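Peer 1: Structure provided below as structure tokens; questions to follow.
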Amino acid sequence: MSTQADDADFEVGRVSDLDDELTAELFRSSFQPSPRTAGVTRRWRDMSPEQAEVVWQRLFEWVRWLVATYQLTASVVPDCWWRHSELVAELYALQRAEMASFTSDDSGFGPLAFHERLPHAVERLRTHTRTAGCVGLQSHKEPVARVVPAEPAFDEWKLSAHQFGA
């Protein structure tokens with residue numbers, strides 16, 4: 001068990017003022033607002049057609065880079081990835097995470113964090129691709145959109161309290 005006296009006697013040796021500067025640089029992004037240079041992350045459904053065109057082109061180029069760099073197979077990212085909203089959402093999130101890893105205020109931990117997350121994203125992509133069914137068919141399989149039907153009972157239900165014990 002530590003006492004206040006024990007804590008007061010504990011000192012970490014310092015080699016020079018350079019130590020303080022290095023520590024400050026390493027942890028600066030934790031204490032200051034970030035001057036973001038990775039661009040804006042947008043919600044797909046809120047984009048204007050002009051914004052969507054730019055975002056799609058950048059995502060397409062980035063996915064080509066990702067597939068080539070990490071040698072991802074069609075069972076992870078099929079050629080028709082852009083026609084599957086679940087793959088687009090995953091790839092866009094991964095693109096944004098990778099871009100955020102290289103902002104000017106990152107102390108160097110961003111790229112490591114991206115690479116720690118990458119295997120999990122690859123597994124999710126593989127699962128989405130398997131579900132889409134395009135790889136097994138060797139051609140694109142059009143996804144069937146599911147639309148939750150409007151329920152008249154919902155209009156009545158939403159007006160009631162739904163807390164337990166209420």
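Taken together, the values in this text are just the output of simple stated rules run on the coordinates, not laboratory data. The structure displayed is predicted, hence computed values, not measured ones. Please note: Cβ atoms are built from the backbone with ideal geometry, for glycine as well, and neighbour counts cover all protein chains shown.
Peer 1: Taking loop as defined by DSSP and a crowding limit of 12 other beta carbons within 10 Å, which GluC sites (Glu not before Pro) in segment 66-111 fit? Before the final figure, lay out each step's value.
Peer 2: Details: sites: 86, 90, 98; in loops: none.
Qualifying residues, ordered by number: none.
Peer 1: Let me ask something additional. Which residue, 109, 54, 70, has the largest displacement toward the positive end of the dipole of segment 46-137 when charges sit on each Cβ (Lys, Arg +1; Asp, Glu -1)?
Peer 2: 70
Peer 1: Here is a follow-up. Between residue 104 and residue 56, how many nm apart are label points set 7 Å from Cα along the C-beta direction?
Peer 2: 3.2
Peer 1: Suppose every K and R has +1 on its Cβ and every D and E has -1 on its Cβ; what is the size of the dipole of segment 99-166 about the Cα centre, in Debye to the nearest 20?
Peer 2: Numbers: 7 positive and 8 negative charges, 74 e Å.
My answer is approximately 360 debye.
Peer 1: Could you size up the charge dipole of segment 46-137 around its Cα centre, putting +1 on the beta carbon of Lys and Arg and -1 on that of Asp and Glu, and report it in debye to the nearest 20?
Peer 2: Values: 8 positive and 12 negative charges, 78 e Å.
Here segment 46-137 has a charge dipole of around 380 debye.
Peer 1: Provide the net charge surrounding residue 53, with neighbours chosen by a C-beta distance below 15 Å and charges set as Lys +1, Arg +1, Asp -1, Glu -1. Could the numbers behind the result be given before it?
Peer 2: Values: positive: 42, 58; negative: 46, 50, 61.
Net local charge, residue 53 excluded: -1.
Peer 1: Contour minus end-to-end for residue 120 and residue 148, with contour as 0.36 nm per residue of separation and end-to-end as the Cα-Cα distance?
Peer 2: Details: separation 28, 0.36 × 28 = 10.08 nm, distance 2.91 nm.
Going from the current span to full extension adds 7.2 nm.
Peer 1: So how far apart, in nm, are the two label points at residue 112 and residue 47 if each is 7 Å from Cα heading toward Cβ?
Peer 2: According to this spin-label approximation, the distance is 3.3 nm.
Peer 1: Then there is this: Evaluate E = 1/(1 + (r/R0)^6) for residue 157 and residue 127, where r is the Cβ-Cβ distance and R0 equals 30 Å; express this FRET efficiency to the nearest 0.05. Walk me through the numbers before you get to the answer.
Peer 2: Working: r = 33 Å, r/R0 = 1.09.
That pair, residue 157 with residue 127, gives E of 0.35.
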